[in-house]
Amino acid sequence: MSDIAIEVNSISKRYRIGLKEEIHDTFIGSLTSWLKSPISNYRKVHYLSSFSNNEESDDIMWALNDVSFKINRGEIVGIIGKNGAGKSTLLKILSRITEPTSGEATINGNVASLLEVGTGFHPELSGRENIYLNGTILGMKRDEIDRKFDEIVDFSGVDQFIDTPVKRYSSGMYVRLAFSIAAHLEPDVLLVDEVLAVGDIEFQNKCLNKMDEVAKEGRTVLFVSHNMGSVGRLCSSAILIKDGQIKREGNVNEIIDLYSKLSFGKINNSNGTINYPESRDKKAYISSVRILDHQDRITSVLDQSKPFKIEVCFYVNEPSKFYASATLSTIDETVRILNSREIESIDTEHIDRNKGEYASKLEFPGGILNCGSYYARVGVKKMGISYDMKPSPSFELVDYGNVGNFQTTVKSNKRGILAMSLKWTSKKI
Amino acid sequence: MSSISESLTPTIVIKPKSGWQLIDWKELIEYRDLFYFLIKRDVLAIYKQTVLGFTWAIIRPVFSMIVFSVVFGGLAKIPSDGIPYPIFSYVALIPWTYFAAAMNTSTQSLISGKGIFTKVYFPRLIIPLIPVLSKLVDFAIAFVILFGLMAWYGISPTKNLIFLPVLILMMMLTASGIGMWLSAMAIQYRDIPHGVGFLSQMLMYAAPVVWPLSLLEDKFGESVSLAYGIYPMVGVIEGFRSALLGHNPMPWVLIGIGALSAIVLFISGALYFKSKERIFVDVA
């Protein structure tokens with residue numbers, strides 16, 4: 001059996017999108033265009049799906065453009081990218097739901113696609129009847145469903161209601177039953193498209209665990225998702241798709257990091273400083289935020305093992321007990337790391353600020369946070385109430401390594417927000 | 001899509017198709033379980049939560065028969081080949097009701113079924129063929145009333161009854177052919193669903209449902225009425241009447257012409273459907 005499960009070679013897919021309609025400003029103009037409409041309508045409809053070769057007109061859009069990659073058997077690969085990047089189109093082509101415009105893909109093994117939960121479910125039919133219906137739609141044979149029937153019902157937790165029409169099910173039950181059927185597919189290659197977005201946390205966990213199991217059985221999984229947490233948890237590698245093309249592929253943490261930077265980094269492409277405009281009507285406002293390294297140099301790239309500082313400069317217009325605060329989180333905002341306020345270091349009694357500009361620096365110790373991209377929301381507050389709140393520049397913690405070489409790689413052997421050396425003790429008992 | 005043995009893994013190659021595609025019979029057979037459950041779904045779901053349930057399959061032809069008997073048989077005094085008008089029309093209504101229902105539902109099938117074929121792969125050709133099979137259930141139920149009617153009028157069926165399956169096959173082929181043509185066209189050009197209900201009305205009057213083919217023969221001569229056999233339902237309906245009521249000999253020439261026509265419809269419909277299949281998802 002070949003080691004390659006999926007091989008994609010120069011796949012492209014184009015669509016026609018609607019162009020702005022011609023608007024007439026004379027009555028004769030509108031009348032003649034109304035009379036001609038059956039002809040132009042026919043052309044328009046026919047146009048939707050016909051292209052002459054090498055045509056490049058305004059209304060053509062390439063959803064995928066020359067995409068190539070290989071996936072080995074047993075790999076779980078995440079596909080991430082913005083909405084509209086082309087991920088679902090890629091999955092549809094690999095699922096044979098739509099045809100590529102050019103290029104070729106080969107899949108070795110049985111394929112099952114999960115692009116939607118509950119495909120084909122009929123509300124008037126019972127759970128039992130829908131299991132057979134949905135199961136065969138997904139590609140199982142009747143005797144296979146007979147064999148797995150009890151397991152499927154068990155996993156879904158709807159045993160009592162299995163003979164009630166599914167339109168009576170709660171949305172949770174519906175989704176659990178639908179996923180349970182899909183979870184018992186045994187394909188060599190599984191293509192999954194963001195179906196885990198539905199359901200409560202307990203259910204999502206169950207799904208992720210089941211997909212974990214599926215992967216351990218040596219099956220290949222292509223997983224499209226917007227949930228970086230799930231992608232990071234399940235996948236060993238990932239492909240980032242941007243505007244119909246592969247931007248990068250590789251280790252999953254690297255790709256997630258790159259994606260976050262591309263999505264959020266643009267807000268703060270600032271090399272360590274952001275200045276904010278003056279705000280005379282506020283009692284106090286933030287004028288600038290800076291990221292400093294352990295030697296007080298302004299920078300956005302920091303050594304993971306050394307401390308760094310976040311400096312909040314703020315103006316006080318009306319004297320009062322104003323103080324700075326900062327909430328530090330990962331750049332994709334999936335993890336909020338901590339919140340810290342000046343008043344934890346200085347006694348509230350002594351925080352009396354007169355009119356003028358202040359610079360408050362927060363120091364974060366080194367060697368604690370893992371490599372990656374972060375940012376902070378900084379604020380100026382009084383008695384717990386915020387008077388101004390602004391984002392800091394984004395910054396990156398980097399592993400300089402023992403040799404002192406500049407390496408923008410994530411410590412991929414260590415997953416997790418923290419990367420600290422902790423002490424272990426051991427004795428024979 | 002499952003492998004036949006452990007050592008054999010299927011390899012799927014995905015690339016753009018061009019030119020005419022033939023029907024992949026092997027694939028259709030592989031998906032027979034899906035075919036079965038989709039048909040079952042259609043049959044069961046239609047009558048769930050209705051009070052009358054499957055009796056609807058009887059109400060349609062029976063009520064049509066009553067109205068036609070009053071209007072065409074009674075008022076307009078259309079001849080009925082010497083048979084009482086009610087049963088004359090009912091025998092035609094059984095295959096006609098099936099045909100109209102199968103054709104209408106089949107035409108809509110791609111549009112109403114887009115929920116499944118845009119989300120999962122299976123041979124699309126199954127979709128317009130499902131109503132062709134599921135409506136046979138209604139057809140069978142309507143037959144029950146027929147035997148009651150025949151007993152009432154004291155008519156017994158002829159031995160040509162054994163040819164009924166041929167006629168049934170003909171009507172299924174016609175319905176499938178038209179269904180494949182129209183469903184593929186309907187998903188591209190949404191005019192079609194608007195017109196198909198109207199079309200089936202017109203087709204009913206064009207077929208000898210409420211009038212006997214002998215009228216055409218009397219007016220235009222035998223050859224015209226034989227040529228009319230190109231419309232397959234003519235052969236089906238007159239064949240049904242002859243086999244069940246025995247008033248005329250079996251119209252073999254009509255049936256022969258109609259059968260050829262049905263086969264042409266089926267093959268051309270399948271070819272058109274397959275040629276347009278690749279764009280269904282993109283225009284759905």
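The values are calculated or read from the model by the stated rules, or taken from the named source; none is laboratory data. Predicted model only: the values in this text are computed from it and were never measured. All Cβ positions, glycine included, derive from the backbone under ideal geometry; neighbour counts span all protein chains shown.
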### Message
Of everything in segment B:21-50, what is closer than 30 Å to B:Phe88 by Cα and of a type in the set (A, V, I, L, M)? Give them in sequence order.
### Response
B:Val43, B:Ile46
### Task
Please specify each residue of segment B:195-213 satisfying the condition of being closer than 20 Å to B:Thr105 by Cα and either aromatic (Phe, Trp, Tyr) or touching a His at 6+ places or on another chain (Cβ under 9 Å) (or both).
B:Phe198, B:Tyr205
### Message
Can you confirm whether B:Ser18 is closer than 30 Å to B:Val234 by Cα and among the hydroxyl-bearing types (Ser, Thr, Tyr)?
### Response
no
### Query
Restricting attention to segment A:101-129, which residues are assigned to a loop (DSSP other than H, G, I, E, B), small (Gly, Ala, Ser), in contact (Cβ under 8 Å) with a residue 40 or more places away in the chain and within 7 Å of chain B (Cβ to nearest Cβ)?
A:Gly109
### Single condition B:Ile39 does not satisfy, out of (1) more than 8 Å from chain A (Cβ to nearest Cβ); (2) in a loop (DSSP other than H, G, I, E, B); (3) not basic (Lys, Arg)
(2)
### Query
For the subset of segment B:200-239 comprising residues that are modelled with pLDDT of 90 or more and surrounded by fewer than 17 Cβ atoms within 10 Å (Cβ to Cβ), which member is nearest to B:Ile168 (Cα to Cα)?
B:Ile230
### Candidate set from segment B:8-35 (those that are basic (Lys, Arg) and at the interface with chain A (Cβ under 7 Å from one of its Cβ atoms)); member that is nearest to B:Lys274 (Cα to Cα)
B:Lys17
### Message
Show me the helices (runs of 4 or more DSSP H) entirely contained within segment B:48-163 in which 2 or more residues are free of Cβ contacts under 8 Å to residues at least 40 places away in the same chain and farther than 30 Å from B:Leu22 by Cβ.
### Response
B:56-68, B:126-153
### Query
Is it true that some residue in segment A:153-163 is more than 12 Å from chain B (Cβ to nearest Cβ), modelled with pLDDT of 90 or more and closer than 23 Å to A:Lys216 by Cβ?
yes
### Task
Residue by residue through segment A:76-100, note down the ones that are among the hydrophobic types (A, V, I, L, M, F, W, C), more than 8 Å from chain B (Cβ to nearest Cβ) and not in a loop (DSSP other than H, G, I, E, B).
A:Ile76, A:Val77, A:Ile79, A:Ile80, A:Leu90, A:Leu91
### Task
Tell me the strands (runs of 3 or more DSSP E) entirely within segment A:337-391 that contain at least 3 residues that are within 21 Å of A:Lys306 (Cα to Cα) and in contact (Cβ under 8 Å) with a residue 24 or more places away in the chain.
A:356-364, A:372-382
### Message
Condition first: within 14 Å of chain A (Cβ to nearest Cβ) and crowded, with 18+ Cβ neighbours inside 10 Å. Can you find one or more residues in segment B:60-76 that meet it?
### Response
no
### Every residue from segment A:139-166 that is under 33 Å from the mean Cα position of the chain (by Cα), more than 20 Å from A:Gln204 (Cβ to Cβ) and surrounded by 13 or more Cβ atoms within 10 Å (Cβ to Cβ)
A:Gly139, A:Met140, A:Val153, A:Val166
### Message
I'm trying to understand the selection: among the residues of segment A:130-148, which are more than 7 Å from chain B (Cβ to nearest Cβ) and either basic (Lys, Arg) or not in a loop (DSSP other than H, G, I, E, B) (or both)?
### Response
A:Asn130, A:Ile131, A:Asn134, A:Gly135, A:Asp143, A:Glu144, A:Ile145, A:Asp146, A:Arg147, A:Lys148
